[in-house]
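Beneath this line is the structure, given in structure tokens, with notes to follow.
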Amino acid sequence: MISIRKLDHNDRADVRRIACETAFLGESLASCFDDDEILADALTLYFTDYEPDSCLVAVDEDRVVGYVTGAKNSATMRRVFRAKVMPRLFRKAVLTGTCFRPKAWRFLFHVMMSFLRGEFCTPDVSREYPATLHINVDARFRGTKVGTQLMDRYLGFLKSEAVPGVHVNTMSERARSFFQKQGFGLLAEGKRTFLRYCLRRDLPFYILGKRL
């Protein structure tokens, strides 16, 4: 029996694990980046440390098998990420030596090239859809409606907070289909090339939004 509840501090390790396992569309993390601690920080630290009340977990027999991490105001999230999270990431990368490893330089090089191609220039939808979210489910529990249960609870939470809309970014066709089934509409699309060197393909990029 899957239950949905608010995130608590003891869930942090499982959320970080699932985030890393799904970061590169299920591909081996080692082929793209070799520091899962820094990757987990980049993907989850804002949510677990600065806005945990906006996060939910799906639990099966006391084990976290999925989560929604979110922010009620994505503009606030971006400011905190730049001011608080990025300095922590930089310090850890220097102290652990990650920033000096060839894989890190290769990854950053391809991200920079993608940036210079304009692939990160996306429309700002935060005025109409201020909230944002990330949802991930352990591979063994996909197809069991865990994602739908998490979304139902999270959208209900946003409505109770009088948030007018929510948007998501994804590089997955499967995720795009999932969100559209949840009533999200396509707001913008493009492609991302920065993982071509390890995934051997370009990825689509979608922004989807839903009014609440």
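To make sure I understand the rule: partners must be aspartates and glutamates, Cα under 17 Å from the Cα of K92, and not fewer than 8 residues away in the same chain. Which ones qualify?
Answer for K92, where 17 Å is the Cα cut-off: D34, D35, D36, E37, D41, D49, listed by chain and number.
Could you give the dipole magnitude of the chain about its Cα centre, charging the beta-carbon of Lys and Arg +1 and that of Asp and Glu -1, in debye to the nearest 20?
560 debye
So, with a 1.4 angstrom probe, what is the percent of accessible area on the stretch 46-136 that is carbon and sulfur?
C and S fraction of accessible area: 60 percent.
Can you give the FRET efficiency to the nearest 0.05 for C121 and T144, using r as the Cβ-Cβ distance and R₀ = 30 Å?
0.20
Using the heavy atoms of the protein chains alone and a 1.4 angstrom probe, what is the accessible area of the stretch 1-143 per residue in square angstrom?
Dividing the accessible area of the stretch 1-143 by its residue count gives 56 Å².
I need the calculated FRET efficiency for the pair L108 and K6, taking r as the beta carbon distance and R₀ as 22 Å, to the nearest 0.05.
0.05
Which angle from 0 to 90°, rounded to the nearest 10, does the C-alpha axis of helix 102-116 make with the longest principal axis of the chain?
For helix 102-116, the angle is close to 70 degrees.
At 1.567 mPa s and 4 °C, plugging the Kirkwood radius over alpha-carbon pairs of the stretch 1-85 into Stokes-Einstein gives what diffusion coefficient in µm²/s?
96 µm²/s
In the stretch 110-208, which chymotrypsin sites (Phe, Trp or Tyr not before Pro) fall in coil by DSSP and have 11 or fewer other Cβ atoms within 10 Å?
none
Compute the angle between helix 12-22 and the longest alpha-carbon principal axis of the chain, please, reported from 0 to 90 degrees and rounded to the nearest 10.
On a 0 to 90 degree scale, this one is about 70.
So what is the 222 nm mean residue ellipticity for the chain from helices alone, if each DSSP H run of at least 4 adds -39500 (n - 2.57) and you divide by all residues, rounding to the nearest 500 deg cm²/dmol?
Computed ellipticity for the chain at 222 nm equals -12500 deg cm²/dmol.
With just the Cα atoms defining each centre, how far is the stretch 37-54 from the stretch 108-137? Give it in Å.
Their Cα centres are 17 Å away from one another.
State which entries of K103/K181; K84/K210; K103/K210; K103/K191 exceed 31 angstrom in Cα-Cα distance in the structure shown.
Where the Cα-Cα span goes over 31 Å, the pairs concerned are K103/K181; K103/K210.
Relative to the longest principal axis of the chain, what angle (0 to 90°, nearest 10) does the C-alpha long axis of helix 36-50 take?
For 36-50 against the chain, the angle is about 40 degrees.
Let me check something: with ligands and nucleic acids excluded, how do C121, C55 order by accessible area (1.4 Å probe), largest to smallest?
Descending accessible area places them as C121, C55.
The values are calculated or read from the model by the stated rules, or taken from the named source; none is laboratory data. Remember, predicted model here, so these are calculated numbers, not experimental data. Please note: Cβ atoms are built from the backbone with ideal geometry, for glycine as well, and neighbour counts cover all protein chains shown. Heads up: the accessible areas ignore ligands, DNA and RNA and are worked out on the full protein's heavy atoms, side chains in. Shrake-Rupley method; radii C 1.70, N 1.55, O 1.52, S 1.80 Å.
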